[in-house]
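Reviewing the structure listed below.
The values are calculated or read from the model by the stated rules, or taken from the named source; none is laboratory data. These figures come from a predicted structure and were not determined experimentally. All Cβ positions, even for glycine, are placed from backbone atoms using ideal geometry, and neighbour counts span all protein chains on display.
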Amino acid sequence: MRSLHDVAAPAKLNLFLHVTGRRADGYHLLQSAFVLLDWHDTLHFERRPGGKLSREDLGAALPADDLVLRAARALQQHAGTTEGAHIAIDKRLPAEAGLGGGSSDAASCLLALNRLWSLKLPLPALEQIGLQLGADVPFFLRGRNAWVEGVGERITPIDLPAARFAVVKPPRGLATRDIFGNPALKRDSDSATISGFAANPWGFGHNDLEPVARQLCPEVGEAVEWLGSQGLSARMTGSGSAVFALLPPGTVLGQAPVHWARKGWVVRECSKMDVHPLVGWAPSDDSV
């Protein structure tokens, strides 16, 4: 196998996000429900000898040393392989949005190179690598909508009905470290249960990160208010700055404010996916 093309890296939404504490090492303890969306980046992989790694940006430009290259290097080191790759990325998911784009790219990179390099590493090994790259990477590696706890390592698959969402991304992004480092962040939400969530999945809980995000980026509140004017209940996903709302069947979004298009706002309708396109690309075992 010399190449893999059109490898998808889908976005996610956090239906809610509670911060329930903080470990001694500074990592925050979270509870959330993650849902995959049919909005994705696309990656292409060409096998290269000699261990050389290179990247080409087909869409929006990425940082010089992004999560994809870091994932590829981490996989090389873990497996002790001398294989290399050229990776082309068609970046469609906005950065600093809370949609998991970077983590999703890293997960798809691990799965694709595990296959391209014939490493045959099992999913738990890829998850160990992924968790060092970002808290959301193991979720994307598992590839199913899930209840997620801890620092992202405790993942329980959940079934949810079909759903459509309106997603609004303001032009400004938010850095996750700025949110979690803010002293105003609420860090003591009560622990929730899957059964409580299942009784009302689309309206359950809240996002503890949203109040701080609104202070840092007032456009988050503007997005929530505009979706509210459409009769929709909106909240932020992840650490923002993207906001979403469930679209009841038959709902048609009204025209977004004219100035949004000029200033780079993104308004998109998305559907929930049941499984990641790369599910099954790495062997699993009973411990997952």
Task: Test for ALA33: is it in a strand (DSSP E or B), touching a strand residue (DSSP E or B) at 6+ places or on another chain (Cβ under 6 Å) and under 23 Å from LEU121 (Cα atoms) - done: no
Open item on the list: Show the residue pairs meeting these rules: Cβ distance below 7 Å; 6+ apart or different chains; first residue within the range 61-73 and farther than 14 Å from HIS86 by Cα; second residue crowded, with 22+ Cβ neighbours inside 10 Å and of a type in the set (D, E, K, R).
Closed with: LEU67/ASP105
Open item on the list: Given the options LEU43, LEU93, LEU36, name the one that is crowded, with 22+ Cβ neighbours inside 10 Å and in contact with a Phe, Trp or Tyr (Cβ under 8 Å, 6 or more places away or on another chain).
Closed with: LEU93
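To keep it simple, each residue is scored yes or no on (1) closer than 13 Å to LEU174 by Cβ; (2) out of contact with any Leu (no Cβ under 7 Å at 6 or more places or on another chain); (3) surrounded by 14 or more Cβ atoms within 10 Å (Cβ to Cβ).
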| residue | (1), (2), (3) |
| --- | --- |
| VAL224 | no, yes, yes |
| LEU227 | no, yes, yes |
| GLY231 | no, yes, no |
| VAL243 | yes, no, yes |
| LYS263 | no, yes, no |
Task: When residues of the range 102-145 are limited to those that are hydrophobic (A, V, I, L, M, F, W, C) and within 12 Å of the chain's Cα centre (by Cα), the one surrounded by the most Cβ atoms within 10 Å (Cβ to Cβ) - done: ALA107
Task: Matching helices (runs of 4 or more DSSP H) fully within the range 93-146 where at least 1 residues are modelled with pLDDT under 95 and closer than 30 Å to VAL266 by Cβ - done: 123-133
